[in-house]
Amino acid sequence: MTIKAYGASAGTSPLEPMDITRRAPGAHDVQIDIAFCGVCHSDIHQVRSEWAGTLYPCVPGHEIVGRVMAVGEHVSDFRAGDLVGVGCIVDSCKHCTDCEEGLENYCDHMTGTYNFPTPDAPGHTLGGYAQQIVVHERYVLRVSHPESQLAAVAPLLCAGITTYSPLRHWKAGPGKKVGVVGIGGLGHMGIKLAHAMGAHVVAFTTSESKREAARALGADEVVVSRHAGEMENHVKSFDLILNTVAAPHNLDAFTALLKRDGTMTLVGAPATPHDSPEVFNLIMKRRAIAGSMIGGIPETQEMLDFCAEHNIVADIELIRADEINAAYERMLRGDVHYRFVIDNATLAS
């Protein structure tokens, strides 16, 4: 079937309207009418070939929510009319150790929602800046938030799970001191989630103007990282620091804040590498710098249910599809609080 989408034909081209095709639903597929799609910073990196291997035409978008239109004959968990989501994964091998443990995000053969090889035309996956998508039932998630919150649920499918997974893995909760570096699309979700888990949350920002905003999100304390004295007050005190910044910066300033056996987890993905960290900063206190990538399907469902239970959604700005290029430029200037979401109904016009 042919549907309307927004995508780019080259790394130097703006996103523009285009027609794409979706496969007919197979026996285990779910066909979804996309209501809203969040705009992730990784969309910009991929569209503009800042990350290697972009396949064109490139239709981004992996924070997808909408309503089921139809299901394949062997699908039993979803039916037409259900509110559902699709995140960063639309396929995996299904039988490796990672997949069997519900960690499809680490499968060596994971298929991302866009820019990954697929038998479907045009030979690679096309994402959620589109009217519809067809996805294997295993990778479809149930949304239990009220429908009135659906647009603000969309960023949970990437920004939400990207921060939820490491918070859960490193056991954020009561009695733990958790830092969140960067108050953007990822960081604002990290603050909300860590607060809801019961941790003592400290937000780090380079901007004095974000102090009150961070507190409103749930931060117990806010540190302006440019102020040496404020940083010094927190040396050797954190169990976990969630670093969401998607640009190269000095990691040593934050590893020094970890207590013995503390971990800083990197979830921001810069287009160029960080400088190498100071090794003695790590070995003298058995500190760790780690990484984490989204989450598997069971954990993503757990995150959605947790957020529904605690009334957590993203703070968003809803845009028309034809405003996407301007939105990209605003994102690069940091001019968004805190996530753009496309109203996919506007694709029809």
Worksheet, complete the sentence: Note: among 215, 211, just one is among the charged types (D, E, K, R), over 21 Å from residue 277 (Cα atoms), at pLDDT 95 or above and open to solvent by 40 Å² or more (accessible area, probe 1.4 Å), namely 215
Worksheet item: Which residues, taken from region 308-349, are touching a strand residue (DSSP E or B) at 6+ places or on another chain (Cβ under 6 Å) and acidic (Asp, Glu)?
Response: 317, 343
Practice prompt. Look at region 114-131 and say how many of its residues are of a type in the set (A, V, I, L, M, F, W, C), open to solvent by 50 Å² or more (accessible area, probe 1.4 Å) and in contact (Cβ under 8 Å) with a residue 40 or more places away in the chain.
Written response: 1
Discussion item. Looking only at region 316-337, filter to residues that are closer than 22 Å to residue 212 by Cβ and over 17 Å from the mean Cα position of the chain (by Cα); which one of those is surrounded by the fewest Cβ atoms within 10 Å (Cβ to Cβ)?
Written reply: 333
Fill in: Failed item, numbered, when residue 72 is tested on (1) of a type outside the set (A, V, I, L, M, F, W, C); (2) out of contact with any helix residue (DSSP H, G or I) (no Cβ under 6 Å at 6 or more places or on another chain); (3) open to solvent by 50 Å² or more (accessible area, probe 1.4 Å)
(3)
Discussion item. Taking the criterion of being out of contact with any Asp or Glu (no Cβ under 6 Å at 6 or more places or on another chain), of a type in the set (D, E, K, R) and assigned to a loop (DSSP other than H, G, I, E, B), would at least one residue in region 153-173 satisfy it?
Written reply: yes
Discussion item. For region 260-282, check the following and say yes or no: at least one residue is at positive phi and part of a strand (DSSP E or B).
Written reply: yes
Discussion item. Given the criterion open to solvent by 60 Å² or more (accessible area, probe 1.4 Å), part of a loop (DSSP other than H, G, I, E, B) and farther than 20 Å from residue 90 by Cα, identify the matching residue among 52, 24.
Written reply: 52
Worksheet item: Looking at residue 197, is it over 30 Å from residue 320 (Cα atoms), in contact with a Ser or Thr (Cβ under 6 Å, 6 or more places away or on another chain), open to solvent by 10 Å² or more (accessible area, probe 1.4 Å) and not charged (D, E, K, R)?
Response: no
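The values are calculated or read from the model by the stated rules, or taken from the named source; none is laboratory data. Remember, it's a predicted structure, so these values are computed and weren't measured experimentally. Backbone-built Cβ (ideal geometry, glycine too); neighbour counts: all protein chains shown. Quick note on the areas: whole protein, heavy atoms, side chains included, nothing else; ligands and nucleic acids left out. Shrake-Rupley method; radii C 1.70, N 1.55, O 1.52, S 1.80 Å.
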